[in-house]
Amino acid sequence: MVEGMRVKEAPQLFDRLEAQASDSLLALIAMAKADPRPEKIDVGVGVYRDAAGGTPILRAVKAAEQILVESQETKTYLGSQGDVRFVELMKEMVFGTDAVDDRIVGLQTPGGCGALRLGADLIEKADEDARIFVGQPTWPNHAPLIGCAGVEMVDYCYYDKATTRICFDQMMEALQEARAGELVLLHGCCHNPTGADLNIEQWREVAELVSNRGLVPFVDLAYQGLGRGLEEDAAGTRLVVEAAEQALVAHSCDKNFGVYRERTGSLFVKASSRDSAEKVLANLLQLSRTMWSMPPDHGASVARIVLDDPELRADWHSEVQEMCGRIRSLRERLAAVDPRLAYVADQNGMFSMLPLSKEQVVSLRESHGIYMADSGRFNVVGLSDESVDGFARAVLEVMDG
């Protein structure tokens with residue numbers, strides 16, 4: 001400071017920041033960890049757990065990591081598109097035979113969250129007045145990831161928690177109000193937070209509406225393989241993308257490869273022509289450069305090795321089927337306890353939503369050490385084999401009042 005000069009009295013830089021409410025899920029995780037009760041049950045955090053309550057590393061992933069350690073010769077940059085072979089393999093997994101369509105371009109992202117945010121930024125760059133129709137309830141992070149990019153979100157009713165049913169007629173009525181070129185956010189499978197997926201006939205109706213009205217589907221496909229199987233879980237996505245002239249798909253490997261902390265995802269965009277697709281990819285690379293520059297490599301390399309090795313790929317398929325089977329088995333066990341839980345067996349994936357009030361959820365937490373989101377969303381496969389019956393009894397107790 002120059003001698004004699006006085007600093008003007010002003011708020012310090014970070015004093016200008018406003019206080020922020022803590023993330024509800026992170027707060028829930030912290031509460032569960034702090035609870036000393038040995039019988040506590042955490043069905044809030046969205047990770048797969050085995051019969052004993054652990055989250056193991058898949059055999060195929062462990063084997064691929066060993067291959068990577070022995071074969072990797074450098075840690076130099078890969079470039080903004082990430083692992084190109086990984087992207088090719090993910091494109092095949094998502095789109096099947098349509099993966100050869102040169103109007104579909106993609107790149108690696110830091111998890112499904114990175115894919116969603118990058119897609120939202122691309123939308124905003126293409127049209128600052130863009131709107132996206134979002135069924136409610138939806139994954140709580142959809143609003144900040146997409147809305148933060150400046151894309152207007154239009155809510156409509158997707159699921160009625162009280163009746164445990166999809167509001168399909170209301171959904172279709174709402175989408176009839178969307179104008180050509182506007183977007184619709186769709187959960188590809190294993191709907192988070194409800195577990196209530198569209199059936200294949202409903203997907204066909206949505207695809208027809210998308211085609212007739214010129215809408216742009218933005219599909220979040222975060223749980224492929226954990227609902228009915230890898231191919232079955234991609235069927236709805238493939239229908240709407242094929243029907244649409246333009247589309248986006250955010251894909252994640254975090255769950256089906258069990259590489260949660262590696263943040264392994266991809267974003268695919270279908271354009272109206274090959275020339276347009278090349279412009280899309282150029283814009284995606286420019287946008288990603290401003291956010292993460294280049295995506296993390298480890299998880300993508302592991303997935304690539306698994307899928308490129310016939311034996312590892314077969315073992316991974318088997319492990320995904322085991323995870324899918326365990327989820328379905330837990331759903332059937334819960335459904336068999338009481339008719340009020342029967343709907344759980346008809347749903348898919350890791351999550352379902354109990355018809356509970358916030359007060360009932362708090363009661364479960366305080367009286368039984370059961371931790372779930374205030375909405376009643378719970379991770380079905382967060383239950384160990386030993387905790388299923390106790391969980392069901394406690395839920396029914398608070399339902400009975």
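Evaluated against (1) modelled with pLDDT of 95 or more; (2) within 30 Å of residue 286 (Cα to Cα); (3) part of a loop (DSSP other than H, G, I, E, B), residue 48 falls short on exactly one condition, (2). The residues of segment 137-173 that are open to solvent by 60 Å² or more (accessible area, probe 1.4 Å) and polar (S, T, N, Q), listed by number, are 163, 170. Is it the case that segment 256-265 has a residue that's modelled with pLDDT of 95 or more, part of a strand (DSSP E or B) and buried (at least 22 other Cβ atoms within 10 Å of the Cβ)? Among the residues of segment 256-265, at least one is modelled with pLDDT of 95 or more, part of a strand (DSSP E or B) and buried (at least 22 other Cβ atoms within 10 Å of the Cβ), which makes the answer yes.
Criterion first (touching a Lys or Arg at 6+ places or on another chain (Cβ under 6 Å), in a helix (DSSP H, G or I) and modelled with pLDDT of 95 or more) does residue 277 satisfy it? Outline the logic, then answer.
Values: touching a Lys or Arg at 6+ places or on another chain (Cβ under 6 Å): yes; in a helix (DSSP H, G or I): yes; modelled with pLDDT of 95 or more: yes.
It is true that residue 277 is touching a Lys or Arg at 6+ places or on another chain (Cβ under 6 Å), in a helix (DSSP H, G or I) and modelled with pLDDT of 95 or more.
In this entry, residue 179 passes the filter for residues that are open to solvent by 40 Å² or more (accessible area, probe 1.4 Å), among the basic types (Lys, Arg) and part of a loop (DSSP other than H, G, I, E, B).
Within segment 204-219, residues that are within 11 Å of residue 239 (Cα to Cα) sit with their Cβ atoms under 8 Å from residues that are surrounded by fewer than 18 Cβ atoms within 10 Å (Cβ to Cβ), at 6+ positions apart or across chains, in these pairs: 205/172; 206/172; 207/242.
If the requirement is being closer than 21 Å to residue 109 by Cα and without any contact (Cβ under 8 Å) to a residue 40 or more places away in the chain, which of these qualifies: 61, 69, 84?
Numbers: 61 fails: without any contact (Cβ under 8 Å) to a residue 40 or more places away in the chain; 69 fails: closer than 21 Å to residue 109 by Cα.
One residue alone meets the criteria, 84.
For every residue, the table says whether it meets (1) touching a residue at least 12 places away in the same chain (Cβ under 8 Å); (2) surrounded by fewer than 20 Cβ atoms within 10 Å (Cβ to Cβ); (3) under 20 Å from the mean Cα position of the chain (by Cα).
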{"site": "324", "(1), (2), (3)": "yes, no, yes"}
{"site": "333", "(1), (2), (3)": "yes, yes, no"}
{"site": "366", "(1), (2), (3)": "no, yes, no"}
{"site": "384", "(1), (2), (3)": "yes, yes, no"}
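The values are calculated or read from the model by the stated rules, or taken from the named source; none is laboratory data. Everything quoted here is computed from the prediction, not taken from an experiment. Positions of Cβ are backbone-derived with ideal geometry, glycine not excepted, and every protein chain shown enters the neighbour counts. Ligands, DNA and RNA are stripped out before the accessible areas are found, and what is left, the full protein with its side chains, is counted by its heavy atoms. Shrake-Rupley method; radii C 1.70, N 1.55, O 1.52, S 1.80 Å.
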